[in-house]
1. Where the centre of each part is set by its Cα atoms, how far does segment 246-292 sit from segment 1-35, in angstrom?
2. Could you order the peptides 293-304, 347-358 from most to least packed, using the average number of other C-beta atoms within 10 Å per residue?
3. How much of the accessible area of segment 286-333, in percent, comes from carbon and sulfur atoms when a 1.4 Å probe is used?
4. Taking the DSSP beta bridges in segment 218-373 as the whole, what percent of them are antiparallel, to the nearest 5?
5. Given +1 on the Cβ of Lys and Arg, -1 on the Cβ of Asp and Glu, and no further charges, what dipole in debye does segment 233-382 carry about its Cα centre, rounded to the nearest 20?
6. Report the local net charge at Leu211: Lys and Arg +1, Asp and Glu -1, summed over other residues whose C-beta lies under 12 Å from its C-beta.
7. Could you compute the net charge surrounding Asp330? Neighbours are other residues with a C-beta less than 13 Å from the C-beta of Asp330; K and R count +1, D and E count -1.
8. Determine the alpha carbon to alpha carbon distance for each of Lys9/Lys311; Lys234/Lys376; Lys9/Lys376; Lys285/Lys328; Lys9/Lys305 and list only those over 32 Å.
Amino acid sequence: MIVRRYVVKEMPEAVASIRRELGQDAVILSTRNIRVRKWLGLRSERRIEVMAAAKEELAATAGASFGQALKRAMTDPAAERSSSWQEPQMWSQLASEIAEIKQMLADVRTREPEPMRAEVEPLLRWRGFLQDEGVDRVLADRWARMAMDQPHRSSSGTASAQDLIGAIQADLGPLAHPSPIRRDSRIVAFVGPTGVGKTTTIAKIAALHVLAGQRRVGLLTTDTFRIAAVAQLKTYAEILNVPIAIADEPDEVPSALVSLAACDLVLVDTAGRNFLSAASIDQIKRVLAPIEADEVLLVVSLATKPADALKVANMAKTLNVDKFIFTKLDETQSVGMIPSLVALCQTPVAYVTTGQNVPDDIDILSVQDLLAAAWKELSTDG
């Protein structure tokens, strides 16, 4: 007995291969739906697995029989028609096999095996959840699959929220860890669109360093474009008892920095601009050029649509952004934008802000801790 396995898209393809390789008397033992991984495992396609068998002596002559049949098919049917095909019994057997194949195809199209549903449904659920949270579509699919592939996952095919967070953390690697301002950085510039909370965030960070008492902090503002921006930062400087310098134009920046020479840390506030405009990006470049910042932090509001936030981050790449600051966590229920931008831009998170109070509403959190806090209401069984 010879048994062979065939993986095909449609049953007629399997029947043709079986008849060709095992002969006309081969028997189909079983059929079932399977999924075949494609594109580095990111996609899968439906296939039919067919098991067929034949006696060895029949299979040995199958090749010759098939070749003869092919030769007859290429000649005049009236002159070369095989008498065996005229026998009623053969026609009846063929009609029966065709009817059986049609029924199997109908079953395949209308019924999905339970193991396949157990695998696909949780995957679709987690992928949809991530996309609703603001995660990029490709990343959502990858992270959902990684969560489903956890070795300790239950045999039922489900995955927990912790599996999902663990998959994201593993994929981000070192980028999942928080990255606040380095101790060896002296000049740190803050850039970002209008209304994201740059000035308030700068005041919070300045207050943290002043309260720590380890570094002398100074403030520099180049934001003379927005009404009351200078007055707002001056107010914070007075409260914190730190020096402040103002530069109306890029060529005034060097002298402003000289006035803050005694400071160990200078936080630079830039004007909010339209980060979807190349002209606005060029203006920010001209302001940053004489500053020669040790670090550039891009401030992004979590209340922004994820697609717009990604455009902002991509436009800001020419500014040599080192880290993200995500603001207004208290104004949204979706946090997927954070790991999504970190992964897509390969840029870590320095701080996350949660309100307007200075200096209380600011945190240094890992991506894992942030997601765990945001998704704590999710059921543990996924």
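1. A separation of 72 Å, based on Cα centres.
2. Values: 293-304: 22.2, 347-358: 19.5.
Packing proxy ranking, top to bottom: 293-304, 347-358.
3. Numbers: 1050 of 2220 Å².
That fraction is 47 percent.
4. Details: 2 of 17 bridges.
Around 10 percent of the beta bridges assigned by DSSP in segment 218-373 are antiparallel ones.
5. Numbers: 10 positive and 21 negative charges, 109 e Å.
Here the size comes out at about 520 debye.
6. On the way: positive: Lys204, Arg215; negative: Asp360.
Surrounding charge for Leu211 is +1.
7. Working: positive: Lys328; negative: Glu331, Asp360, Asp361, Asp363.
So the environment of Asp330 carries a net charge of -3.
8. Working: Lys9/Lys311 41 Å; Lys234/Lys376 40 Å; Lys9/Lys376 43 Å; Lys285/Lys328 26 Å; Lys9/Lys305 41 Å.
Beyond 32 Å between Cα atoms: Lys9/Lys311; Lys234/Lys376; Lys9/Lys376; Lys9/Lys305.
The values are calculated or read from the model by the stated rules, or taken from the named source; none is laboratory data. If you're wondering where the values come from, they're calculated on a predicted model, not measured in any experiment. Every residue, glycine among them, receives a Cβ derived from its backbone with ideal geometry; neighbour counts consider all protein chains shown. To get the accessible areas, we keep the full protein, side chains included, count just its heavy atoms, and leave off ligands, DNA and RNA. Shrake-Rupley method; radii C 1.70, N 1.55, O 1.52, S 1.80 Å.
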